[in-house]
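One structure is given here, and the rest of the page talks about it.
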Amino acid sequence: MPSSSRLLVVGSLAVTAALTLTSCGSSDSGSGSGSDGSASSSGGTHMVGTAMGNIKVPVAPERVVVLDTAELDSALTLGVKPVGATHTGTESGFLSYLPKEEVADIEDVGEMMTPNLEAVAALKPDLILTSKIRHGDKYDELTKIAPTVMTENTGYPWKENFQVHANALGRVPAAEKVIADYDTHVAEVTEALGGKEKAAATEVNMVRFVEGADIRVYGRQNYIATILADVGLGRPAIVDKAKDGFSYDVSPEKIDQADADVVFHSTYGDAEKSKETRTVGSGLWKNMAAVKDGKVFPVEDELWIQGIGYTAAEKILDELRTDLTK
């Protein structure tokens with residue numbers, strides 16, 4: 001999912017410090033409800049810094065609606081089951097990597113880019129989570145329903161966004177543990193790959209076939225790139241041609257430019273319409289070094305590209321370890 005954000009990726013100590021700071025805020029006995037009087041948790045409110053300024057939210061929200069995949073991952077990772085969520089353009093509805101028992105009974109409030117605001121309001125939420133890039137044009141309408149916390153963007157700044165989500169949900173201590181566990185997992189994967197030097201010497205590309213668009217070779221400034229960087233994996237020079245750091249787009253006739261020591265690929269949409277079938281059956285693809293070496297791995301788009309959170313990241317780390325140690 002594209003992101004034009006230029007936020008720096010912080011280290012684990014900085015993340016923990018930021019979480020501690022963002023957890024601080026004023027608290028009072030206000031209801032924290034939307035202007036329509038929607039239901040709110042008891043226990044006071046606190047201020048949360050958002051892309052739209054500082055807003056007052058319940059200290060412990062009980063009826064949360066999330067309008068994008070990153071926010072759904074964050075909430076579930078932190079032990080909060082939303083009462084409502086949007087879906088992406090997938091056949092499975094909510095992203096398939098999420099445990100079925102955790103998404104059971106979450107009300108579907110429409111497609112991600114066009115949420116049904118009447119359905120959102122009917123759930124009487126006391127907090128709404130989303131991003132400005134997705135729903136900034138609906139902010140005024142959303143705030144009439146409930147306090148709405150928006151990050152500026154999605155994708156690349158997912159770690160910083162997680163801090164905002166944790167603060168808004170009143171789950172800062174839980175977030176600190178999530179981050180610590182992730183850092184430990186990253187270190188274990190790097191070690192399994194032979195250590196930092198060996199990991200850095202292994203150049204990895206992520207290729208995405210997208211229905212209705214060119215083939216994307218992912219650059220350094222997106223969700224999956226941050227995970228590859230955390231593990232310490234190398235990236236081939238082509239990634240630095242990525243527009244805005246996000247992706248360098250190629251046609252099937254230039255797919256050989258995506259070659260690397262290891263190539264992961266996913267598909268969004270139909271295999272034929274996304275040019276996946278045509279491309280992976282071509283001579284250019286079959287002659288790539290990664291293909292000849294057996295180092296090309298198909299992965300789930302919903303997990304590697306769309307999830308954008310720590311639950312997805314933990315599963316991706318497991319897959320990286322499995323595939324790269326074959």
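Results, tabulated for the structure shown:
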read-out: Diffusion coefficient, µm² s⁻¹, Stokes-Einstein with Kirkwood Rh over alpha-carbon pairs of the stretch 66-139 at 10 °C and 1.306 mPa s; value: 128
read-out: Packing-based order for 120-129, 255-264, using average beta carbon neighbours within 10 Å, highest first; value: 120-129, 255-264
read-out: Residue with peak Gaussian network fluctuation, the chain [Cα springs, cutoff 10 Å], from 96, 131, 74; value: 96
read-out: Within the chain, helix-based [θ] at 222 nm, where runs of 4 or more DSSP H residues each add -39,500 (n - 2.57), nearest 500; value: -9500 deg cm²/dmol
read-out: Per-peptide average of other Cβ atoms within 10 Å, ordering 169-175, 204-210, 320-326 highest first; value: 204-210, 169-175, 320-326
read-out: Cα-based helix-to-principal-axis angle, 158-169 vs the chain, degrees rounded to 10; value: 20
read-out: Residue 323-residue 243 FRET efficiency (beta carbon distance; Förster radius 25 Å; 0.05 resolution); value: 0.35
read-out: Normalised contact order of the chain, rounded percent, pairs of Cα under 8 Å and 6 or more residues apart; value: 19
read-out: In degrees, nearest ten, helix 172-192 long axis to first principal axis of the chain (Cα); value: 10
read-out: Spread of Cα-to-Cα distances over 5 Å intervals beginning at zero, given as percent, for the stretch 257-300; value: 5, 23, 30, 27, 13, 2
read-out: Lys, Arg +1 and Asp, Glu -1 on Cβ, resulting dipole of the stretch 224-326 about Cα centre, debye, nearest 20; value: 300
read-out: Semi-axes of the equivalent ellipsoid for the stretch 86-196, Cα gyration tensor, largest first, Å; value: 30, 17, 14
read-out: Positive-pole candidate from 238, 88, 322, dipole of the chain, charges at beta carbon; value: 238
read-out: Kirkwood hydrodynamic radius of the stretch 189-326, from inverse mean 1/r over distinct Cα pairs, in Å; value: 14.9
read-out: Largest-first principal axis extents, alpha carbons of the chain, Å; value: 65, 40, 35
read-out: Extension reserve of the residue 289-residue 111 stretch, reckoned as 0.36 nm per residue once the Cα distance is removed; value: 60.1 nm
read-out: Longest site-free stretch - the chain; sites: GluC sites (Glu not before Pro), DSSP loop, at most 12 other Cβ within 10 Å; value: 92-271
read-out: The stretch 88-238 - percent relative contact order, Cα under 8 Å, separation 6 or more; value: 15
read-out: Selection from 202, 158, 299 lying farthest towards where the dipole of the chain points positive, charges on Cβ; value: 202
read-out: Fraction of accessible area attributable to carbon and sulfur, the stretch 126-188 (%, probe 1.4 Å); value: 51
read-out: Separation in nanometres of the label points that stand 7 Å from Cα toward Cβ, at residue 81 and residue 104; value: 0.8
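The values are calculated or read from the model by the stated rules, or taken from the named source; none is laboratory data. Keep in mind it's a predicted model, so treat the numbers as computed, not measured. So basically every Cβ, Gly included, is an ideal-geometry build from the backbone, and we count neighbours across all protein chains shown. Protein only, heavy atoms only, side chains kept; ligands, DNA and RNA dropped before computing areas. Shrake-Rupley method; radii C 1.70, N 1.55, O 1.52, S 1.80 Å.
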